[in-house]
1. Check the stretch 134-141 and report whether any residue there is closer than 18 Å to Leu201 by Cβ and modelled with pLDDT of 90 or more.
2. Across the stretch 152-172, what is the number of residues that are under 16 Å from Leu184 (Cα atoms) and either surrounded by fewer than 14 Cβ atoms within 10 Å (Cβ to Cβ) or touching a residue at least 24 places away in the same chain (Cβ under 8 Å) (or both)?
3. Please return the ranges of helices (runs of 4 or more DSSP H) entirely within the stretch 87-170 where 1 or more residues are of a type outside the set (S, T, N, Q) and under 18 Å from the mean Cα position of the chain (by Cα).
4. Restricting attention to the stretch 218-233, does a residue exist that is outside any helix (DSSP H, G or I) and of a type outside the set (A, V, I, L, M)?
5. Residues that are over 20 Å from the mean Cα position of the chain (by Cα) and either surrounded by fewer than 18 Cβ atoms within 10 Å (Cβ to Cβ) or modelled with pLDDT under 90 (or both): does the stretch 281-302 have at least one?
6. Name the one entry in Leu56, Leu35, Leu115, Leu60 that is more than 27 Å from Thr265 (Cβ to Cβ), aliphatic (A, V, I, L, M), open to solvent by 80 Å² or more (accessible area, probe 1.4 Å) and in contact with a helix residue (DSSP H, G or I) (Cβ under 8 Å, 6 or more places away or on another chain).
7. Which one is surrounded by the fewest Cβ atoms within 10 Å (Cβ to Cβ) among residues in the stretch 176-212 that are polar (S, T, N, Q) and in contact (Cβ under 8 Å) with a residue 24 or more places away in the chain?
Amino acid sequence: MTTTAPAGASAPPQPPSATPAAPRRRRSLTRGGGLFVLPFLIVFALFLVWPIVQGLWMSLTDASLSLRGTEFVGFANYSEAFGDPDVWSSLGNTVFFTVISCVPLVLVALGMALLVHSGLAGQWVWRLAYFAPYLLPVTVVTLIWTWLYQPDIGLGNQLLTSLGMEPVGWLSDESVAMWSVAALTVWWTVGFNFLLYLAALQSLPTTYDEAAALDGAGAWRRLWSVTLPQLRHTTVLVAMLQVLASLKVFDQIYILTKGGPNGSTRPILEYVYDVGFTGYRLGYASAVSYIFFAIVIVVSVLQLRFFRQEG
């Protein structure tokens, strides 16, 4: 049943439309958000965008730390870098270090996380022992391992001597030095990957493992067919982060060996440092840096495509 307003009665007032105020409110919110973002944009432009642009321009000049004028040389620095054997040898050292350090950093971290997750007694002790080295600064780590690698009084050679083996020049033998640096790096940084794996293991549902156990699957079968497939995304993350971190190695090598012996451990970033701040050739060092930057970008893209196809 419908009712009608009596004749002569005015219609009830309609609420004012909110449509005209909505654009103004959105513009106000946009301006307010822009003000909050502005400090970050300023810092981002000053400390990231501008250095990238400045470094790119510098790579096209003969800029130097010496007090002389700077001239535009175009791509001369890049052509020289592609023909420089020191660039390729240091880049080869970087790739070699990446290969021999990334594999154990993934596998050892996974093993440590599985060991702790299995319910080992003294959980907090193991977690602390595995992660504590990662908290140490690089200078402390290299000092510890310098003493371990001492040819006469170092723990490494003392163990070899007690076993009747010949001492090893851990940092003086060209065939051993890079492996020594990789061992230091694994001990120092594996704790971070361990935490990633442990967090992933603790977030996995237990239903699949319990169902496999009820079906008669043993511990190794459950690990290989149930647990590891569920950790695939974590393994992809760990592998990608580790490859990028290993490609940028500099600190521990510079402090421990300074690229020796005979340049056998010198990575590409140390070569950039030597050329730019020892040889005063900032323009050439910038060109080498941008070549390496392009290589890192290519490696990152290839990793993303590979893991995406595998998924």
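The values are calculated or read from the model by the stated rules, or taken from the named source; none is laboratory data. None of these values were measured; they are calculated from a predicted model. Every residue, glycine among them, receives a Cβ derived from its backbone with ideal geometry; neighbour counts consider all protein chains shown. For the accessible areas, the whole protein counts, side chains as well, though only heavy atoms, and no ligand, DNA or RNA atoms are used. Shrake-Rupley method; radii C 1.70, N 1.55, O 1.52, S 1.80 Å.
1. No, the conditions are met nowhere in the stretch 134-141.
2. 3
3. On the way: elements: 123-131, 138-148, 155-162.
Hits in the stretch 87-170: 123-131, 138-148.
4. yes
5. Within the stretch 281-302, none of the residues are over 20 Å from the mean Cα position of the chain (by Cα) and either surrounded by fewer than 18 Cβ atoms within 10 Å (Cβ to Cβ) or modelled with pLDDT under 90 (or both).
6. Matching residue, one of Leu56, Leu35, Leu115, Leu60: Leu56.
7. That would be Gln202.
One line per residue, one yes/no per condition, for (1) surrounded by fewer than 17 Cβ atoms within 10 Å (Cβ to Cβ); (2) over 20 Å from the mean Cα position of the chain (by Cα):
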site: Val238; (1), (2): no, no
site: Leu244; (1), (2): yes, no
site: Thr257; (1), (2): no, yes
site: Gly260; (1), (2): yes, yes
site: Ser264; (1), (2): no, yes
site: Leu269; (1), (2): no, no
